[in-house]
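There's a structure below that I have some questions on.
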């Protein structure tokens, strides 16, 4: 059982990739936005949350999602279809694009489901009167949406990011009333 769990985690890690890879070249001068991004090689931001979600551990997935630093890069595991830019995806052969499209759909579905669970956790906290905790959930959802909306990400990833932003804004506005 433990080997299966480790194998699953490894497979998820290999299949997910990071859009928005950070450049450390001198052509990317330090700025306030770049200073928030870690300059050391780090684990992909979304990996712990997505791995837990795909293993069925929803509570850990939501906690990992909220704890993630969505300003860090990479977002997804290197080699994942989600880490490709639009140009990289378009440069694949037709057969590769079709194969990777199915992979992308599956990974984006998991990401959308996880985002919906985070939003629901925020609504649940708000219903219990814990507006501070609810705001943490919605803020994290907004930060993830902003990270995914980056022009460095695939268009479909950007659309998911915009959806998460809208969800966060809508739910956050409800508790602000």
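Where a number appears in this text, it was derived from the coordinates with a stated rule and is not lab data. Predicted model, so just to flag it, every value in this text is computed and none were measured. We place every Cβ from the backbone using ideal geometry, glycine too, and count neighbours over all the protein chains shown.
In nanometres, what is the gap between the two model label sites at residue 71 and residue 155, each 7 Å from Cα along Cα-to-Cβ?
Here the modelled spin labels are 3.1 nm apart.
Tell me, 124, 94 in order of fewest to most beta-carbon neighbours within 10 Å?
Going from sparsest to densest Cβ surroundings: 94, 124.
Still on this structure, please answer the following. In what order do 89, 65 fall by count of nearby beta-carbon atoms within 10 Å, going from fewest to most?
On the way: 89 17, 65 27.
Ascending number of Cβ neighbours within 10 Å: 89, 65.
Need one number: nm distance between label points at residue 87 and residue 174, each 7 Å from Cα along Cα→Cβ, rounded to one decimal.
If labels sit at residue 87 and residue 174, their model points lie 4.1 nm apart.
With 10 angstrom as the radius, rank 51, 59 by how many other C-beta atoms surround their C-beta, starting from the fewest.
Numbers: 51 23, 59 10.
Ranking 51, 59 by Cβ neighbours within 10 Å, fewest first, gives 59, 51.
A follow-up question, please. So if each residue of separation counts as 0.36 nm, and I subtract the Cα-Cα distance between residue 131 and residue 166, what length gain in nm does that give? Kindly include the intermediate steps, with their values, before the conclusion.
Numbers: separation 35, 0.36 × 35 = 12.60 nm, distance 1.87 nm.
Gain on extension, residue 131 to residue 166, equals 10.7 nm.
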